[in-house]
Amino acid sequence: MGHHRGRIHPGGNVTTTPRARYPHRHLLGIEALERTEILSILDAAESFFDVSRRSVRKVPTLRGKTVINLFYEPSTRTRTSFELAGKRLSADVINISVSTSSAVKGETLLDTVKNLEAMCPDVLVIRHQASGAPHYVASRTNAAVVNAGDGTHEHPTQALLDAFTIRRRKGRLEGLVVAICGDVLHSRVARSNVLLLRKMGATVRFAGPRTLLPPAAEALGAEVHDRLEPALEGADVVMMLRVQRERLAGTFLPSTREYSRKFGLNEARLALAAPDAIVMHPGPMNRGVEIDPAVADGSRSVILDQVEAGVAVRMAVLWMVATEAEGEPIAGA
Amino acid sequence: MSEVLLDPVAVARGLRRVAGEIAEHGGVRDLALVGIRRGGEPLAERLAALLRELEGEAPPTGSIDITLYRDDAATALPNPKIGPSRIPFEVRGKRVVLVDDVIYTGRTIRAALDAVLDYGRPRRIELCVLVDRGGRELPIHPDYTVRRVELGPGQRIEVAQKDDGAWATIEDASTLGGT
């Protein structure tokens with residue numbers, strides 16, 4: 001390590017650490033990550049955060065690497081964030097979305113991936129409506145796979161950017177009380193977040209209509225509330241989830257107005273949380289449904305910080321999996 | 001085998017001399033010192049203090065981490081730890097002196113040049129090192145050198161910077177196996 005510079009520093013003061021910092025080939029979910037690996041990603045993201053605030057917002061690290069964003073679900077924020085992250089690392093980034101892809105012509109996911117593979121991508125960033133799709137692809141490709149959201153399963157980079165945002169504001173994750181409110185049942189954001197926050201020693205409370213709470217929430221280590229108020233009581237972080245309109249039309253919920261009245265976050269309800277509580281939302285927001293505009297735009301909202309953090313965290317993730325994709329490290333280098 | 005190249009007295013004397021040379025080449029006006037993490041960082045601070053003694057004014061100092069700019073960044077170093085870069089001044093128009101403890105192949109300096117240029121366009125960039133050990137692989141040479149020594153590939157320089165001063169020693173690589 002560092003020997004090419006012809007020097008070592010006393011006190012273990014080396015510029016590199018072993019491969020063990022992130023021993024995985026892919027990022028498929030938070031579930032497979034150790035606490036120390038999560039910390040490695042968050043720490044690396046701090047450096048990448050600074051890159052995005054300089055006059056030249058780019059580093060040459062992944063020059064010559066190719067990142068393909070393969071999105072089977074519509075997404076502006078996540079795709080743009082991954083695209084920007086790749087570009088700020090100097091990688092070549094290609095976006096393929098379902099409306100322009102051959103999926104509409106009947107090509108299977110595996111055929112698409114095999115075709116893309118012929119273009120030798122180093123990283124495949126995949127969003128898919130089917131839970132487990134990225135895992136399926138990961139076992140059948142040479143590229144490193146990053147899960148950008150799969151069905152109702154996981155959205156690991158969202159949980160990482162949320163943790164990054166919380167840590168910047170609160171200085172820690174351990175010991176915090178985080179309320180995750182809304183359609184928890186269908187939310188991969190909630191799932192990845194509870195997995196991450198529990199690993200990092202935070203307390204997680206789920207709140208939502210009984211029809212939208214997962215049956216196995218306790219197994220994930222979360223407290224469950226079918227009213228918003230007890231979940232908000234003294235919370236350090238309030239994370240609102242997006243209500244998906246299609247669910248409001250179905251049997252899960254009576255109406256938008258009813259939902260907003262019972263589960264919308266407004267100033268009065270937010271007053272129940274800790275005085276310095278922060279408000280988060282993974283976006284896109286339904287203003288006036290799950291969150292009142294006054295709260296969304298208020299001084300405690302960190303919703304735009306989350307977006308900024310997203311680029312830094314995704315730079316860290318791309319960097320880690322792209323370097324790993326190269327194979328064994330060169331001994332002694 | 002270990003041989004002392006510079007003891008704390010020699011380091012202090014040498015830094016005083018190169019601080020004088022840096023001042024001679026244009027004073028401290030528009031000057032900034034940037035230490036390459038981590039060995040160059042404390043040396044840049046010491047040079048700034050010496051320049052204050054000489055010129056009555058200390059130049060601003062910063063530090064730069066070159067991990068993301070290495071020419072082997074994407075291949076040879078799985079998951080290195082990136083340190084923070086700290087450039088708390090406007091680089092544009094400045095005379096920047098890069099400071100490092102040892103120059104060997106020159107690849108670190110090449111990376112540091114790119115890193116500094118991404119903060120802005122300095123008027124010029126110069127290089128100051130504690131030890132130039134030869135063995136360059138790129139056409140890069142220091143402007144200010146405390147000690148120059150020609151070493152073989154089987155040897156290396158170890159710089160230890162402690163509270164009571166800095167030591168530079170020549171080590172046989174064979175005796176340092178496993179580090």
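The values are calculated or read from the model by the stated rules, or taken from the named source; none is laboratory data. Remember, predicted model here, so these are calculated numbers, not experimental data. No Cβ is skipped: glycine too gets one built from the backbone with ideal geometry, and neighbour counts run over all protein chains shown. With ligands, DNA and RNA removed, areas are computed over all heavy atoms of the protein, side chains included. Shrake-Rupley method; radii C 1.70, N 1.55, O 1.52, S 1.80 Å.
Report the local net charge at residue B:120: Lys and Arg +1, Asp and Glu -1, summed over other residues whose C-beta lies under 10 Å from its C-beta.
Combined, the nearby Lys, Arg, Asp and Glu give +2.
What shape does segment A:38-188 take by its C-alpha gyration tensor, where a ≥ b ≥ c are the square roots of the eigenvalues and a/c under 1.5 counts as rounded, a/b above b/c as prolate, and the rest as oblate? Each step should come with its number before you reach the end.
On the way: a/c = 2.18, a/b = 1.26, b/c = 1.73.
It comes out oblate by the Cα gyration axes.
Please calculate how many Å² of accessible area chain A carries per residue, with a 1.4 Å probe and no DNA, RNA or ligand atoms counted. Don't jump to the answer; show the numbers that get you there.
On the way: 13290 Å² over 333 residues.
Result: 40 Å² of accessible area for each residue.
At 7 Å along the Cα-to-beta-carbon direction for both residue A:307 and residue B:53, put a label point, then send me their distance in nm to one decimal.
Simple spin-label model gives 5.3 nm for this pair.
Can you give the accessible area of residue A:38, probe radius 1.4 Å, in Å² rounded to 10?
0
About its Cα centre, how strong a charge dipole does the protein assembly as shown have in debye, to the nearest 20, once Lys and Arg get +1 and Asp and Glu get -1 at the Cβ? Spell out each step's value before the answer.
Numbers: 67 positive and 64 negative charges, 183 e Å.
For this selection, approximately 880 debye.
Taking the simple approach of a point 7 Å from Cα along Cα-to-Cβ for both residue B:29 and residue A:94, what is their distance in nm?
It works out to 5.6 nm between the two label points.
Treat each spin label as a single point 7 Å out from the Cα along the C-beta direction, and report the residue A:287 to residue A:174 distance in nm.
4.1
Using a simple charge model, +1 on the beta-carbon of Lys and Arg, -1 on the beta-carbon of Asp and Glu, nothing else, what dipole does segment A:153-257 show about its Cα centre, in debye to the nearest 20?
Working: 16 positive and 11 negative charges, 67 e Å.
In debye, rounded to 20, segment A:153-257 gives about 320.
Which value, in Å² rounded to 10, gives the accessible area of residue A:90 with a 1.4 Å probe and all protein chains present?
The accessible area of residue A:90 comes to roughly 20 Å².
Peptide B:63-69: average number of partner chain Cβ atoms within 10 Å per residue? Kindly include the intermediate steps, with their values, before the conclusion.
Details: counts 0, 0, 3, 1, 7, 13, 3.
Mean shielding by partner chains, rounded to a whole number: 4.
Whenever you get a sec, compute what percent of the accessible area on the protein assembly as shown sits on carbon and sulfur atoms (1.4 Å probe).
Values: 10630 of 21020 Å².
Its accessible area is 51 percent carbon and sulfur atoms.
What full-extension length gain, to one decimal in nm, is calculated for residue B:162 and residue B:136 as 0.36 nm per residue of separation minus the Cα-Cα distance? Numbers along the way, then the final one.
On the way: separation 26, 0.36 × 26 = 9.36 nm, distance 2.79 nm.
Length gained, residue B:162 through residue B:136: 6.6 nm.
Return the FRET efficiency for the residue pair residue B:21, residue A:120: r is the Cβ-Cβ distance, R0 is 41 Å, and the value is rounded to the nearest 0.05.
0.20
Based solely on its DSSP helices, what 222 nm [θ] is calculated for the protein assembly as shown when runs of n ≥ 4 H residues each add -39,500 (n - 2.57) and the sum is averaged over all residues, nearest 500 deg cm²/dmol? Spell out each step's value before the answer.
Working: 15 runs with 163 residues, N = 512.
Computed ellipticity for the protein assembly as shown at 222 nm equals -9500 deg cm²/dmol.
Could you give the accessible area per residue of segment B:85-129, probe 1.4 Å, as a whole number in Å²?
On the way: 1680 Å² over 45 residues.
Spelled out: the 1.4 Å probe surface of segment B:85-129, per residue, equals 37 Å².
Which percentage, to the nearest 5, of the DSSP beta bridges contained in chain A is antiparallel? Intermediate results must be reported in sequence, preceding the final value.
Numbers: 1 of 37 bridges.
Of those bridges, close to 5 percent are antiparallel.
Rounded, prolate or oblate: which one fits the protein assembly as shown, using the alpha carbon gyration tensor with axes a ≥ b ≥ c (rounded when a/c is under 1.5, else prolate when a/b beats b/c, else oblate)?
On the way: a/c = 2.49, a/b = 1.88, b/c = 1.32.
The shape class here is prolate.
At a probe size of 1.4 Å, how large is the accessible area of residue A:252, to the nearest 10 Å²?
The accessible area comes out at roughly 70 Å².
DSSP H helices in chain A with Cα extent of 27 Å or more along the helix axis and mean Kyte-Doolittle hydropathy at least 1.0?
Details: long enough: A:303-324 (31 Å, 1.07).
Helix filter hits for chain A: A:303-324.
Hey, can you rank A:290-298, B:44-52, A:62-70, B:158-166 by average C-beta count inside 10 Å, highest first?
Numbers: A:290-298: 17.9, B:44-52: 19.7, A:62-70: 21.4, B:158-166: 15.7.
My ranking of the peptides, most packed first, is A:62-70, B:44-52, A:290-298, B:158-166.
Which residues does the label zone of residue A:130 cover in segment A:136-179, counting backbone N under 20 Å from a point 7 Å along Cα→Cβ?
Answer for this model: A:136-156.
Work out which helices of chain B, taken as complete DSSP H runs, extend at least 18 Å along their axis over the Cα atoms and score a mean Kyte-Doolittle of -1.0 or more, then list them. Before the final figure, lay out each step's value.
Values: long enough: B:8-24 (24 Å, 0.31); B:40-55 (22 Å, -0.04).
Within chain B the helices that satisfy the rule are B:8-24, B:40-55.
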